[in-house]
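What follows is one structure encoded as structure tokens, with my remarks underneath.
The values are calculated or read from the model by the stated rules, or taken from the named source; none is laboratory data. Source: prediction; values computed, not measured. Every residue, glycine among them, receives a Cβ derived from its backbone with ideal geometry; neighbour counts consider all protein chains shown. With ligands, DNA and RNA removed, areas are computed over all heavy atoms of the protein, side chains included. Shrake-Rupley method; radii C 1.70, N 1.55, O 1.52, S 1.80 Å.
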Amino acid sequence: MAQIMCSALLFDLDGVLIDSTPAVTRVWSRWAIAHGFDPDEVVHRAHGRPSVATIRDYLPHADHEAENLKVESGEIQDLEGVVTLPGARELLSALPPDQWTIVTSCTRPLAEVRLHAAGLPIPERLLTCDDVTNGKPDPEPYLRGASLLGVPAAECVVVEDVPAGIRAGKAAGARVIACRTTASDTELKEAGADWIVDGCKSISVSQLSGKLTLVLTGEHIVGNS
């Protein structure tokens, strides 16, 4: 068991609070095949990053905005299998509204559609790729997310599932709990995760004098800090 003191929590969305992997895989696989790329490679690269960043990687001379709209439209329409991950609803309901938010590489319309589909609350200070200039792994998303809550990033704990997001959180100065829902433990460790857990079901929270105490439980916790 590990205990962590912090002032706020910053959650990634896909792979942390909700499982959208089947939909992501279907949409990006179709896109990859249509453009002659390896779908497995494209899907792996797309996880945890703004979709337009992946499009730029593969089609540097294309109309990136037009391609991005196609991908986003496909993801908004494909909600089959989008569900809440175990423990996410319980963890969010235990947190004061002003001490957590979501920092996602989704666009705002896509994030809201997926949250509705999963039956999770939309935080007032939701931060999406529409709100930043530089997406993950740049620290800007988590620096902005912490600022929206009025808390220094160093006093926040980020909950992530992919290396790009972990690197963004660490570069922002936050500590990072990684969920082993998407990437391997080796990838999570190499990205700099401070702790690795099975998911939100392994995190509980209590509040004392404005601070949050997170308790990590389970047999498979790995601490790197």
Item checked: Spatially proximal lysines relative to Lys70 (Cα-Cα < 30 Å; intrachain offsets below 8 disregarded) -> Lys136
Next item on the list: Counting helices only, and only those DSSP H runs with n ≥ 4, report the 222 nm mean residue ellipticity of the chain as the sum of -39,500 (n - 2.57) divided by its residues, in deg cm²/dmol to the nearest 500.
Entry: -11000 deg cm²/dmol
Notebook entry, point to check: What is the mean projected area of the alpha carbon convex hull for the chain, to one decimal in square nanometres?
Noted result: 11.2
Notebook entry, point to check: Per the 1.4 Å probe, what fraction of the accessible area of segment 123-212, in percent, lies on carbon and sulfur atoms?
Noted result: 46
Notebook entry, point to check: GNM, the chain, Cα, under 10 Å: largest mean-square fluctuation among Ala94, Ala174, Ala193?
Noted result: Ala94
Check: So what's the Cα pair-distance distribution over segment 32-85, bin width 10 Å, in %?
Finding: 21, 56, 20, 3
Note to self: What does the charge count around Asn68 come to, taking other residues whose C-beta lies under 14 Å from its C-beta (Lys +1, Arg +1, Asp -1, Glu -1)?
What the structure shows: -3
Check: If you put +1 on each Lys and Arg Cβ and -1 on each Asp and Glu Cβ, how big is the dipole of the chain around its Cα centre, in Debye rounded to 20?
Finding: 440
Next item on the list: Just tell me which aspartates and glutamates come within less than 16 Å, Cα to Cα, of Lys201; anything on the same chain fewer than 8 places away is out.
Entry: Asp12, Asp14, Asp19, Glu90, Glu160, Asp161, Glu219
Item checked: Surface per residue (accessible, 1.4 Å probe) for the chain, Å² -> 44
